[in-house]
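Below is one structure; the comments refer to it alone.
The values are calculated or read from the model by the stated rules, or taken from the named source; none is laboratory data. Computed from a predicted model, the values in this text were never measured in an experiment. No Cβ is skipped: glycine too gets one built from the backbone with ideal geometry, and neighbour counts run over all protein chains shown. For the accessible areas, the whole protein counts, side chains as well, though only heavy atoms, and no ligand, DNA or RNA atoms are used. Shrake-Rupley method; radii C 1.70, N 1.55, O 1.52, S 1.80 Å.
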Amino acid sequence: MLSFGNSLFLLALVGLAVPVILHLINRELAVNLRFPSIRFIDQSQLPRREKRKLRDLLLLLLRLFLFASIVLAFAKPVWIEPLVQAPERSSLKQTVYLLDASSSMSRGNIWRDSLDALRKDLADTESDEIGLVVFADRVLSQVPPSVDEEQVENLLKGLEPTFAAGDPATGLQSAVRFFNPDAEKRLVLISDFQETDWQRDLPGIPEDVKFVFMPAEIGGGQNVGIVNVNTIPIGKEQARIFVAVRNNGTESVTVPVIIEGGTISEEKMVTLSPGQTGNATFVQAVTEPISLTANLPSDRYIRDNRWHFWLAPPPLIRVYAFLPNLDEPRAVNAFYYFQTALEVESDTDWVRFEVTALDRGFFEESVIQDADVVVIPAASAYLRDHQWEVLKNYIAEGQTAILLPGDGFPKQFRALERNGMMSSRFLGLAGNTNERQTPYHLGSVHPSSHLAQTFDDVAAKDLFLVNVYRYVRLQASQEDLVILAFENGDPALLRLAVGQGGLIASTFAFDPSWTDMPLRNSFLPLVRELVQEGFDTNRLRKKMFMEEVVLVADPLTQPAALHREGQYWEVNVNPSESVMIQIDTEQYLPALLSQKPLYTQTTGSVRIDPRLEGSRTDLWPWLLMIALLCFFLESLLTGIKDAAQSSVLKRRDPVQRA
């Protein structure tokens, strides 16, 4: 079947009339004859002009083929081979059963009732061939249509719902492929038709397919499910656990929430109105990683009554600092304050830092790849071009770097602009001495930054009393996030987005000649939050749902908390499977499935749904080759014709013969 990617280009074929018109209006060239005098030439009447007709037909055809080939090539023609279907039989009747085996089908007696309904329809059907497709997040198993009904029955034996969410699109595609185009087609859908699964982008179904819906009755009853579990550190070796619970039923309930694992067992009561989500909060000591489960009493859908998670201390954050040393000895003082703030033990923060100081000469890719965060106090002004490239690549891969200015601050910020890491514009220096009578003060914290979570209205008072004697003035760009600003609006700290990571640039050094911040109570939390600004302390804990389980281990058939190769995995059932709302199969679903029919007419061509098409062959390269051949032949023929005409003119011109 022929299809065009840019069918509007076909309108240019009207231009084929141009070469024909040019050939019609083209006259034969007159021959100039030279005479010494025209007084002896008698006057005569011009002969009647003959009727215009096409000449040089071969040349005209070559030019028409050349133009048409170029136009068709721009239209991007594609030849699509239809899928090979089963042998055609005009009287063939086929039935394909599409069975939903997603996790929500395990609710109550839905699965048993669905299998009973399928077997009853199988016994009553008059179809010649029977097929079966079982799906969840993907097609799990299938039986092509055949006269052997026993194959379908054998597949149904021992079949149970999976723990994955449903994706009907994959099953519908497979079912449609089974049908013979000329057969009488019957598609039987057996599902709970859960709203969250069936409100997806479904493929188009041919109009000649008869739908039969067998919706399972979700029924009443209460269903309270766990939708998420989060752990947050609240102090040294302590964490707060939030268990989010949702009432999917129609009545208010009070349920116990229990966390269990190892020696831990604690229970809290939660009261929820219909459709309400609430949290059960626990506080537990954490000294080493432990696998826990959050549990609810059994109800109609038991798979959302348990959630697997890890309670683990955050990982050690490795901080590499590169110093200018002999280039700027005073930068060592600024780094000392920075290092002390990170390494001091805090009773309210269990995040641990390991700080390693290195000379800037060791700033190479093989060294920094082991660092979680890179800090460069003053030394960035002395980095070479290839080292800037190393830094840019390091950040782009999702890491974090912190730059502090020094005496060479103009070189640092111009290098940031030159390497495409900063969109803000460098303006110069504000202030120049710590004896300034009116020092600059900080005025605002961006609400989306980590600093905003630490410096609330009360904690921010000390931060805003910090005296800054000089700072680098920048004209902030919208592409750069100002996470801390001065009272006059100038940036104090910027977060520059570089690839998947971020670079935090301070406009003042943590040195007494620039500011008295290292002597303030707000300095320690500010430095620790800066290091964590773009760093995920939960990077070793990954959450995923059962339909994504192939990323962890294959096979994994049920939810679990896993520890593989230093990575903690929390694999659970998707909370979307807990929803107890069905779509209207009589009105909504037929309209949804018919939105994208398998074959749809377009201007000048027939388009096939690309998800259900056969092999594709692009024709435009062949058309370009034809155009090139026509151009070559047209040039050759024109050259021969011009040479012949020139020879005739020479024979007719007596002056040239002389």
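Quick look at the numbers
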| quantity | calculated |
| --- | --- |
| Odd one out for Glu570, checked against (1) closer than 18 Å to Gly171 by Cβ; (2) at pLDDT 80 or above; (3) acidic (Asp, Glu) | (1) |
| Qualifying residue in the range 462-477 (condition: crowded, with 20+ Cβ neighbours inside 10 Å, of a type in the set (Ser, Thr, Tyr) and at pLDDT below 90) | no |
| Single condition Ser298 does not satisfy, out of (1) open to solvent by 70 Å² or more (accessible area, probe 1.4 Å); (2) farther than 28 Å from Glu389 by Cβ; (3) in contact (Cβ under 8 Å) with a residue 40 or more places away in the chain | (3) |
| Phe35 being modelled with pLDDT of 70 or more and open to solvent by 60 Å² or more (accessible area, probe 1.4 Å) | no |
| Hey, Gln194 over 21 Å from Gln587 (Cβ atoms) and either without any contact (Cβ under 8 Å) to a residue 24 or more places away in the chain or crowded, with 18+ Cβ neighbours inside 10 Å (or both) or not | no |
| Residue within the range 402-415 that is closer than 23 Å to Arg495 by Cβ, surrounded by 18 or more Cβ atoms within 10 Å (Cβ to Cβ), of a type outside the set (Lys, Arg) and in contact with an Asp or Glu (Cβ under 6 Å, 6 or more places away or on another chain) present | yes |
| Strands (runs of 3 or more DSSP E) wholly inside the range 265-350 that include at least 3 residues being of a type in the set (Phe, Trp, Tyr) | 306-311 |
| Failed condition for Ser265, given (1) free of Cβ contacts under 8 Å to residues at least 40 places away in the same chain; (2) touching a Lys or Arg at 6+ places or on another chain (Cβ under 8 Å); (3) open to solvent by 10 Å² or more (accessible area, probe 1.4 Å) | (2) |
| Subset tally (residues that are open to solvent by 30 Å² or more (accessible area, probe 1.4 Å) and touching an Asp or Glu at 6+ places or on another chain (Cβ under 9 Å)) for the range 138-147 | 3 |
| Selection count where residues are closer than 19 Å to Glu570 by Cα and either free of Cβ contacts under 8 Å to residues at least 60 places away in the same chain or open to solvent by 50 Å² or more (accessible area, probe 1.4 Å) (or both), scope the range 229-258 | 9 |
| Subset of the range 147-158 [more than 19 Å from Ala216 (Cα to Cα) and in contact with a helix residue (DSSP H, G or I) (Cβ under 9 Å, 6 or more places away or on another chain)] | Glu149, Val152, Glu153 |
| Evaluation of Lys157 against (1) surrounded by 15 or more Cβ atoms within 10 Å (Cβ to Cβ); (2) on the phi < 0 side of the Ramachandran plot; (3) among the basic types (Lys, Arg) (one fails), failing number | (1) |
| Candidate set from the range 217-238 (those that are within 18 Å of Thr287 (Cα to Cα) and of a type in the set (A, V, I, L, M)); member that is modelled with the lowest pLDDT | Ile234 |
| Residue check for Asp349: among the acidic types (Asp, Glu), at pLDDT below 85 and in contact with a strand residue (DSSP E or B) (Cβ under 9 Å, 6 or more places away or on another chain) | yes |
| Selection count, the range 168-196, where residues are among the polar types (S, T, N, Q) and assigned to a loop (DSSP other than H, G, I, E, B) | 1 |
| Flag if Ser380 is within 17 Å of Asn488 (Cβ to Cβ) and assigned by TED's automatic domain parsing to the domain that holds Ala357 | no |
| Residue check for Ala216: closer than 19 Å to Ala136 by Cα and touching a residue at least 24 places away in the same chain (Cβ under 8 Å) | yes |
| Candidates Glu251, Glu260 - the one that is at pLDDT below 90, closer than 24 Å to Ala294 by Cβ, outside the structural domain of Ala165 (by TED's automatic domain parsing) and not basic (Lys, Arg) | Glu251 |
| Residue list for the range 484-513, restricted to those being open to solvent by 10 Å² or more (accessible area, probe 1.4 Å) and part of a loop (DSSP other than H, G, I, E, B) | Glu487, Asn488, Gly489, Asp490, Gly499, Gln500, Asp511, Pro512, Ser513 |
| Odd one out for Leu187, checked against (1) open to solvent by 20 Å² or more (accessible area, probe 1.4 Å); (2) at pLDDT 90 or above; (3) in contact with a Lys or Arg (Cβ under 9 Å, 6 or more places away or on another chain) | (1) |
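Condition check ((1) touching a Leu at 6+ places or on another chain (Cβ under 7 Å); (2) among the acidic types (Asp, Glu)) across all residues:
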{"site": "Glu354", "(1), (2)": "yes, yes"}
{"site": "Asp359", "(1), (2)": "yes, yes"}
{"site": "Phe363", "(1), (2)": "yes, no"}
{"site": "Arg384", "(1), (2)": "no, no"}
{"site": "Trp388", "(1), (2)": "no, no"}
{"site": "Ile395", "(1), (2)": "yes, no"}
{"site": "Thr400", "(1), (2)": "no, no"}
{"site": "Leu403", "(1), (2)": "yes, no"}
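Residue-by-condition table, conditions (1) of a type outside the set (A, V, I, L, M); (2) buried (at least 17 other Cβ atoms within 10 Å of the Cβ); (3) modelled with pLDDT of 75 or more:
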site: Asn521; (1), (2), (3): yes, no, yes
site: Val531; (1), (2), (3): no, yes, yes
site: Met546; (1), (2), (3): no, yes, yes
site: Gln558; (1), (2), (3): yes, no, yes
site: Glu565; (1), (2), (3): yes, no, no
site: Ile583; (1), (2), (3): no, yes, yes
